[in-house]
Amino acid sequence: MLWTRGLRRVASEQALELVQVAASLGASRQADDIIGLLDIGNSKTVCLIVAAPRSGRKADGARVLGVGVQPTRGLKAGVVVALDEAEQAVRAAVAQAERVAGVRVEEVFLSVACGRLKSSTFAANTEIEGRVVGSADIERLMAAARTHVERDGRTLLHMNCISYRLDGAAGIDEPRGLAGKTLGADLHAVTADEAPLRNMLHVIERAYLSAAGLAPAPYASGLAATTEEERQLGVVAIDIGAGTTTLAFFARGHLLSTDVVPVGGNHATFDLAQALQTPAHEAERIKREYGTVARVVSDDHEVISYAPAGEDAAARAQTTKGEARAVIRGRMLRLFGHVAGRIERSGVSRYAMQRMVLTGGASQLVGLGEFAADFFARPVRIARIEPFDGMPAGLGSPVFSTSVGLIHVALDPSAGTRGDVGDLEAGGYLQRMGQWLREGF
């Protein structure tokens, strides 16, 4: 318990301000479509309740009516390890958002980082039944693609078309109405192992909710953290969370690949706790107040006083800012080494490595942008979440990039992650996924 107690304070510090601002937005609402969004992270669980105008399903016209932020329990590296604890965190976050919004939600759009997310890029082909390409041809093509990716116990979370081909001619954005004999598509899909995903869905079902849709967490975070221009030119969004680090690769406006590294900011806290022999909540305090990875720090010899583990409450130990910096830099070096390996294996680095954007709670570490730029030899910036009318200012922090990205995904029919989620075992999910494919492509 000492290892995790201090890591759960982050959510409550920012929740009150967000709730107060969202309350003022919710009080003036003229509700249209009400959408619930849920991001269950390793350190915090965030629920947003959003009003989307029926005249236009885009984030620009949306208003955040309610925000709920609660410490997460029962998860490890994005995977559910304690159903009861995870359920209570979800219940508390949803109830908090509902009180502010003045409405109840029964369905939520869920971000997913569990289940060993896997990206695959592949080609699919089908014969055109008539003289010109019709919607039925595209539906048949996408159904074949879905069958291809959902083998070996994998579940489809996201699929986007990079480009269509007609009789071998590539670079076609919209093939409907064009004459030809063979329709092809270059596709990208994100899948997850079914069992961890089912456990996550079981958590929200125990909270009397159902999943209206699923979105890969790296994709949602990347949409919020990067600009449209960056996604056109090529960018990698790296979300350094508490227990995991996610990657999303974009180029020419398309998602090309995603990945998840099971290491995050909490590991730097654990390293400090181990090195200094102090409880995790004290190590977290040291990291937040004194932590830096800057190249040169003039106050490296500044003394830090802290409570050692297992000693009397009045006992104090000492270290220096430089010693703490060395521990944190060592962890960040190892993390970026893992990230570099995933980038190399992605196969899309030559398209998406023009620049990098860091987001997530651990991206706030002093000097991390410069540290990453030196390590990867690429331009690196820290994310600034672009606000829209009706969004509380507090959601503009990189801490909430996945939550804000869910708004963009849920309100964009072309995002590639549409469709209700039913019983994975009974096949209801696949039926609804088929409906999503028809609507999305």
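In table form, for the structure just shown:
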quantity	calculated
Charge dipole (debye, nearest 20) of the chain; +1 at Cβ of Lys and Arg, -1 at Cβ of Asp and Glu	400 debye
Inter-site label distance for GLU106 and SER120 at 7 Å from Cα along Cβ, in nm	3.6 nm
Amide H partners (placed H, <5 Å) of THR320, local residues excluded	ILE304
Approximate spin-label separation HIS202-ARG151, in nm, with each point projected 7 Å along Cα-to-Cβ	2.8 nm
Nonlocal amide H pairs with ILE172, under 5 Å, H built at 1.01 Å	TYR164
Radius 11 Å from Cβ of PHE336, net charge of other residues (Lys, Arg +1; Asp, Glu -1)	+3
In order through region 331-337: 3J(HN,Hα) via Karplus (6.51 cos²θ - 1.76 cosθ + 1.60), integer Hz, x for Gly, Pro	5, 5, 4, 5, 4, 5, x
For region 37-53, Karplus couplings with θ = phi - 60° (6.51, -1.76, 1.60), whole Hz, Gly/Pro x	10, 9, 10, 9, x, 6, 10, 9, 10, 10, 10, 10, 10, 10, 9, 10, x
Amide hydrogen neighbours beyond the local backbone of VAL366, cut-off 5 Å, H modeled	VAL293
Per residue, in Å², the accessible surface of the chain once ligands and nucleic acids are set aside, probe 1.4 Å	43 Å²
The chain: C-alpha gyration tensor shape, a/c 1.5 cut-off, then a/b vs b/c	prolate
Added length on full extension, which subtracts the Cα-Cα distance from 0.36 nm per residue, ARG378 to SER305	22.6 nm
Sulfur and carbon atoms: percent of accessible area, the chain [1.4 Å]	48 percent
Cα centroid separation - region 332-367 against region 151-202, whole Å	26 Å
Sites GLU344 and ALA314, calculated FRET efficiency, Cβ-Cβ separation with R0 41 Å, nearest 0.05	0.20
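The values are calculated or read from the model by the stated rules, or taken from the named source; none is laboratory data. It should be emphasised that the depicted structure is a prediction, and the values quoted were computed from it without experimental measurement. Neighbour counts run over all protein chains shown; Cβ positions are idealised from the backbone, glycine included. Calculation scope for accessible area: heavy atoms of the full protein, side chains included, ligands and nucleic acids excluded. Shrake-Rupley method; radii C 1.70, N 1.55, O 1.52, S 1.80 Å.
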